[in-house]
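Below is one structure, written out as structure tokens; the observations come after it.
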């Protein structure tokens, strides 16, 4: 059967879910991202199957930037799961996608708390891949200090919020 999970229309399940992410309602887009985030947990082959779909990373990026809160949350979870399971080549593809890195940075700085935590987690998981970490450190199309200052600001904010107030 290979890495293709067929649907009744002949397209793969990831393709059908990506179509919903592109054309569905806000709730449908969030559910599609949630379904994809569960599919990629099946292993590296499932992650590659999803990530190799045309427009996959761009679609996630658009939802992280322009989606409603539920879409942003589910898309951030999807990024985390892809980075956790996909291996070095998937992490590198994600790290090289400047739009995705910019969207994660924006969630880190301006998102609601669940989105901020998930964006920080995505950077942590991406940095587990040596090649992706090196790319992020070089900064890709952005200076590396911007990413790490964003993470530092997030961690300081989290520490302040968890510090007992008197």
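The numbers here are math on the coordinates, done by the rules we state, and not lab data. Remember, predicted model here, so these are calculated numbers, not experimental data. Glycine gets a Cβ as well: all are built from the backbone with ideal geometry, and neighbour counts include every protein chain shown.
Relative to the compact globular guide of 2.2 N^0.38 Å, what is the alpha carbon radius of gyration of segment 30-104, as a ratio?
Relative to the 2.2 N^0.38 Å estimate, segment 30-104 comes out at 0.96.
Sticking with the crude label model, points 7 Å out along Cα→Cβ, report the distance from residue 23 to residue 42 in nm, one decimal please.
My value for the distance between the label points is 2.3 nm.
Pull out the extension gain between residue 110 and residue 70, defined as 0.36 nm times the separation in residues minus the alpha carbon to alpha carbon distance; nm, one decimal.
Gain on stretching residue 110 to residue 70: 12.9 nm.
Going by a ≥ b ≥ c, the root eigenvalues of the Cα gyration tensor, does segment 67-122 fall in the rounded group (a/c under 1.5), the prolate group (a/b larger than b/c) or the oblate group?
Here segment 67-122 falls in the prolate category.
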